[in-house]
Structures are given as structure tokens and as C-alpha cells.
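This report concerns only the one structure given below.
Every read-out reported here was derived from the displayed coordinates using simple, explicitly stated rules and does not represent laboratory data. Keep in mind that what you see is a predicted model, and the values were worked out from it rather than measured. Backbone-built Cβ (ideal geometry, glycine too); neighbour counts: all protein chains shown.
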Amino acid sequence: MITWRQLDAFANEYTNKLGSPVSPRYLAGPGDPRHVTHALRAAGWSTPCDPLHPDIRMQSPDQQHELVFKPSAQYTRNWWTVHSGFGPSNWYAAFSGSTPVEIVAGLTDTLLLPEPEETSREDFAAILTTRGWEHTTDELGGHQIMSPDLTAMVEQRISPSMGRCGWEIEVARYRGPYGPEGLLWRASLDIRTPNHVLGAVATALSDPAPVPRPRFAIDESPHLTVGREIVIGEQIVTAHQQRLAEARRHRPTTPPIAAKPAPNTPVVASPARPQPLTTAFDTRKHPDHTVHHLPARPARPPAEAAGGVPGRERGDPHRLGRLLRRAHRRRRLAVRRGVVRLAHGPAGLRDLESVPGGPPLGPGATRHGRRPAPAHQRR
């Protein structure tokens with residue numbers, strides 16, 4: 001989802017910005033890339049890329065489409081790349097850096113909609129022809145479509161060795177005596193591109209509606225119609241918010257959460273799995289050695305489950321202190337009973353010795369505070 005911080009940054013950038021509506025849109029200039037990326041993000045596309053890297057990579061929720069935005073120092077190189085599908089039915093489309101974002105969005109917005117039924121291949125040329133573009137064919141069956149101002153050319157060639165190629169779009173700044181001059185941007189559409197995607201690109205390319213551009217982002221083409229300069233910031237922000245709201249309608253719904261069992265339903269514990277056996281030697285590396293199979297060490301249950309005192313299981317940091325205090329209490333109890341006495345010296349406490357008049361410590365007695373053996377058991 002688009003965060004409020006991103007929306008605020010977009011709105012602050014266009015606050016009180018001056019600009020003009022321009023047409024035709026294929027000469028309008030690149031525009032803001034967030035016109036494409038924000039809409040895809042609002043529609044549920046993921047961004048598995050480094051946010052601190054200028055390259056942007058986005059994937060559709062069904063992992064069928066991928067968009068890569070890779071800026072470069074040359075505007076004539078491919079900045080926008082769209083890959084779709086897997087196997088022999090995959091296709092791609094590429095747009096250079098100066099391609100108007102409204103034309104790129106014409107393709108990406110189509111990927112958010114369900115795929116319609118297959119239509120005829122001539123829809124791409126028919127859409128351009130109905131809007132005043134001039135359509136010609138060559139002797140091999142190739143297509144060449146020119147815009148009314150002769151600055152944009154759409155072409156599909158027929159190669160004697162490779163057969164029919166994909167659609168190529170080239171837009172220039174001027175109209176020269178031999179065709180368009182001063183390349184602005186180009187686009188390539190694969191021969192396997194679906195017909196509804198081609199139709200969407202043709203519709204966006206030939207749309208006569210003007211698009212807003214800031215004052216210093218308007219191209220210098222003499223064939224570009226520039227309207228009166230106004231404050232376009234609020235207009236751009238409002239249109240952007242409406243575009244995101246429309247994209248959120250196509251966001252896929254999350255899968256339903258599994259229902260929890262009823263409280264009265266008894267939960268049957270699954271039987272414990274047998275622990276795997278650990279091998280002392282690898283028979284592949286040591287074929288002459290005897291292999292000993294040792295059972296895996298079972299997990300030690302906590303003290304609470306064994307009926308002990310909480311917090312006294314193995315690994316308790318206070319366990320050693322309790323053991324030392326317990327041994328000290330036993331030694332003081334033995335001294336108080338007159339069985340043993342403690343010998344003090346320069347080095348502190350030493351060995352335990354028998355008390356005069358009491359039973360001597362035999363060879364089997366211990367010196368660590370334990371009661372000596374009875375007289376009839378001593379040798």
C-alpha cells in the first residue's frame with residue numbers, strides 16, 4: 001500500500017507549481033514515474049527490491065507480470081520493461097526514458113484487469129486509423145502507421161528470415177523532409193503481446209486529451225500545443241488520488257483466515273513421532289568401520305511438567321548458588337551435632353576432622369560433611 005508519507009511527499013512536490021496542459025501526449029515529455037508505480041503498488045503489486053537503489057522492480061500478486069524501471073544516463077535506452085507470462089506464451093514490452101508515463105500506464109493499467117477474450121490482430125492498427133493516423137502496407141505485408149503531424153511512426157516489419165516482427169514505435173521532435181527527425185522516445189512490443197494490451201497502448205498513444213506538465217518540463221517541439229499557464233499542483237494531486245482509488249478497486253482480496261475449533265470440541269493430541277537415529281560413522285566414507293546407531297537424545301521436559309519447582313531445571317543461573325548454600329548448611333549442621341569440626345588456618349577452611357572424644361573417621365568415611373559409618377560397620 002501507498003503510505004501517507006509517500007502521498008504527502010507527492011503533494012508537497014506539486015504544491016503551488018505552475019504548468020500548462022499540452023497535447024498531443026506522445027510529445028508531452030516523460031512526466032512523473034510515480035504515475036505508474038504508485039498505481040501498481042496501490043493495486044497490490046509487491047516491490048522485491050532495495051528501497052535505497054534507484055532501480056525499481058515490481059511484481060503482480062499472481063507473479064505473472066513484472067515491471068522494471070531502470071533509469072539510465074541516455075534517455076533513448078529502455079527505462080521501462082514489462083515481462084509477462086512463462087514458457088512459450090511469455091511476452092515483453094520496453095519503453096525508453098522519455099516515454100510519457102500516460103502511455104506506459106496505458107499498458108500497466110490493462111494488467112490490473114481480467115484478461116478479455118481474444119480479438120483480431122488488426123485492432124492495433126484499426127484504433128490508430130480511426131483517430132486520423134495514416135496506415136500503409138508494403139509488398140511483404142508489413143504495416144506502417146504515421147501520426148497526423150508526421151512525428152510519430154508505428155511500424156511492424158516482415159523479415160524474410162524471421163517472419164513477422166513485433167511493433168516498433170518511434171516519436172521524433174521534428175518533421176523532416178524524409179520523415180521524423182530528432183528522436184524523443186521509442187517503444188518495442190513483442191510479437192506475442194496479447195491483443196488487448198496492444199489495443200490499450202494504441203488507445204493511450206492516440207488519445208487527444210491534453211496532459212498537465214510543469215513549466216520547465218515541457219518539450220520544445222514545434223508540433224506541441226501548449227495551453228495557458230496555470231497552477232496545476234492541485235489538479236495533479238487530485239487526479240493522482242483518484243487514480244490510486246481506482247487502482248485499489250482491483251487489489252486482490254486476502255485469503256480467508258481458517259476458523260478456530262469450537263471450545264467444546266476436544267482437541268486430540270497427535271502421537272509423538274519416533275526420534276531419528278544418529279549415525280556415528282558415514283558408511284560411504286568409512287566402509288570398513290562398524291556403524292553404531294545411537295538413539296537421539298530426547299528433549300528434556302521442563303521442571304513444571306515433571307512436578308518439580310518452577311525455575312530449577314538445567315540451565316538455571318541460580319542453581320549453583322543454591323547447591324553451595326545447601327552444602328554449607330549441611331556442614332554447619334554436622335559441626336553443631338559434634339560429628340566433625342572445621343579446621344581454620346591461613347588458607348581458610350581446610351579438611352574436616354573428627355571431634356575429640358567422638359567416633360573417629362574411618363577410612364571409608366568422607367571429609368565433606370557426611371556422617372561417618374557406624375562402629376559395627378567399620379574395620
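Find how much the distance from R319 to A11 grows on full extension, using 0.36 nm per residue of separation minus their present alpha carbon separation; answer in nm with one decimal.
Computed gain between R319 and A11 is 104.7 nm.
Any idea what the relative contact order of the range 53-116 is, in percent, if you count C-alpha pairs under 8 Å spaced at least 6 apart?
Dividing the mean separation by the residue count of the range 53-116 yields 23 percent.
With +1 on each Lys and Arg Cβ and -1 on each Asp and Glu Cβ, and nothing else charged, work out how big the dipole of the range 60-120 is about its Cα centre, in Debye to the nearest 20.
460
Normalised by the empirical 2.2 N^0.38 Å for globular proteins, what value does the Cα Rg of the range 4-248 take?
That ratio works out to 1.02.
Just to confirm the filter: which chymotrypsin sites (Phe, Trp or Tyr not before Pro) across the range 1-93 are DSSP coil and have at most 13 other Cβ within 10 angstrom of their Cβ?
Within the range 1-93, the qualifying chymotrypsin sites (Phe, Trp or Tyr not before Pro) (loop, at most 13 other Cβ atoms within 10 Å) are F86.
Got a sec? Which residues in the range 181-217 would a label at E117 touch, if it sits 7 Å along Cα→Cβ and we count backbone N under 17 Å?
195-197
Evaluate Rg over Rh across the range 115-191, taking Cα atoms for both radii and Kirkwood's formula for Rh.
Rounded to two decimals, Rg/Rh equals 0.99.
Can you give me the Cα centroid spacing of the range 142-182 and the range 7-69 in angstrom?
Here the two parts' Cα centres lie 28 Å apart.
For the range 4-248, build the charge dipole from Cβ charges (+1 Lys, Arg; -1 Asp, Glu) around the Cα centre, then report which of G179, G29, V231 sits farthest towards its positive end.
Toward the positive end, the furthest listed residue is V231.
Using just the alpha carbons, could you tell me how many Å³ per residue the convex hull of the range 43-184 encloses?
So the per-residue hull volume is 158 Å³.
When the chain is fully extended, how far beyond the present Cα-Cα distance does F216 get from A239, taking 0.36 nm per residue of separation?
6.2 nm
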